[in-house]
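Okay, so here's the structure we're looking at.
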Amino acid sequence: MKKSKKNKTFALKRLKKVLKMEGMLTKVSEIRLGSLVSEDVMGNTQFPLIDKGTKITREHLQVLNAFQIAKVKILYATSHNEDEVREEYVQQLEQTFNKPLAPFKRRYKEAVDLYKLEFQSWEAGSKIDIPKLREVMLPLLEDVLRNRVRIFTLNEYSNAKDYLYNHAISTSLIAAVIAQKMNYVKGDVIQLAMAALVADCGMSKISSKIRDKAGSLTKEEFAEIKMHPKESLLMVKDLVLIKNNMKTAIFQHHERLDGSGYPCRSNGNTINIEAHVMAVADIFHAMTCERVYKRADSPFKVIEMIQQEEFGKFHIKPVQALLNCVADFGLGTNVELSNKSIGQIVFVNTNNPTRPVIKIAGFEETIDLSKNKSIYIEKIITKE
């Protein structure tokens, strides 16, 4: 409570200083980092390239140059009388300095924080509290199931230090979207999401020295990691709010069709389909995130890798469902390519959705990624 009052007081002091500002059209080349945008910056796009009240960063300048935006309205100090400043600027500045995290991002962070606390309690021997986890997850699930493209930006919220907790939340959301695409009824979508959320609860029984090790694991250490699905099953077996087939999926989510997985090296039809949904969600998020021992990969590149390099390890239905999520991106979606070009999706190749046709910002040029394999979509440029 004290921290909240302190932040509010600080924001009001900042507000008084900035009340002497007025908007002025400014050449992009003359904009200083940290300047405030006083009105939405629009390109030939459905949504603003930069929202009103945003502080300019180097990335914003790159976007403006890429879309050949010549001038932007920026706030500059021009008046020494606070009464002369128009009311609209007062409202704008209040929003700027008291601007909360975007609703989804805020709820996501709250879920990660709660999961971390629960995980620490499991380390101490506490039982899993599914109702508590459901309460924080349901709003996130509702959001992601309405806006499936969010799963392609979840890796941007993660960090190497708290990867384990971010991974649990994100894998749950991705599994839910895959299940929805596979036409599971909503109740089972939620069941699968909650099962995916606690699939790695058994990691709480593994030494933190092994879990958090930055370098390569020894053969003995990896053998211990391979025991976590058994530990997870022991922790969930008496939970009445998780169905038996979901408990089986928790135990099997690291098994592979070709028998290369663990802990039992199960193969073929002995692995249930829900385990494959969790497995695809798990590996998709893991490969797109930066970790202490690896760099992050593009979500679109990862889908292609799952299709090609991991072919024969996962059931085709959840892999195809994840691929079909790419088709949810509408025409006009802003993207950054692996060569750092910025552009918009202007045509989706239905047979190869991860490789649409991109119109490069500021040029008449288009790139058909299905024909130019050396370039791929690095990330989606979103408002949040």
Count neighbours as other Cβ atoms within 10 Å of each site's Cβ, and list the chymotrypsin sites (Phe, Trp or Tyr not before Pro) in segment 221-301 that are DSSP loop with at most 16 such neighbours.
-> Tyr293
Quick one: if you stick a label point 7 Å off each Cα along the C-beta vector at Asp113 and Leu234, how many nm between them?
-> 3.3
Label point distance in nm, Glu135-Lys226, each placed 7 Å from Cα along Cα→Cβ = 4.0
In whole µm²/s, the translational diffusion coefficient that Stokes-Einstein assigns to segment 325-384, given a Kirkwood hydrodynamic radius over C-alpha pairs, 25 °C and 0.890 mPa s, equals 217
Given +1 on the Cβ of Lys and Arg, -1 on the Cβ of Asp and Glu, and no further charges, what dipole in debye does segment 164-230 carry about its Cα centre, rounded to the nearest 20?
-> 20
Kirkwood Rh for segment 218-291 from C-alpha pairs, in Å, is 13.0
To the nearest µm²/s, what D does Stokes-Einstein give for segment 237-330 at 25 °C and 0.890 mPa s, using the Kirkwood radius over alpha carbon pairs as Rh?
-> 173
Could you quote the convex hull projected area for segment 168-326, Cα atoms only and averaged over all directions, in nm²?
-> 8.9
Inter-probe distance in nm under a simple model that places probes 7 Å from Cα toward Cβ, at Lys301 and Met42 | 3.6
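Bear in mind that the values in this text are calculations on the coordinates, not laboratory data. A quick note: this is a predicted structure, and the numbers were derived from the prediction, not measured. Cβ: placed from backbone, ideal geometry, glycine included. Neighbour counts: every protein chain shown.
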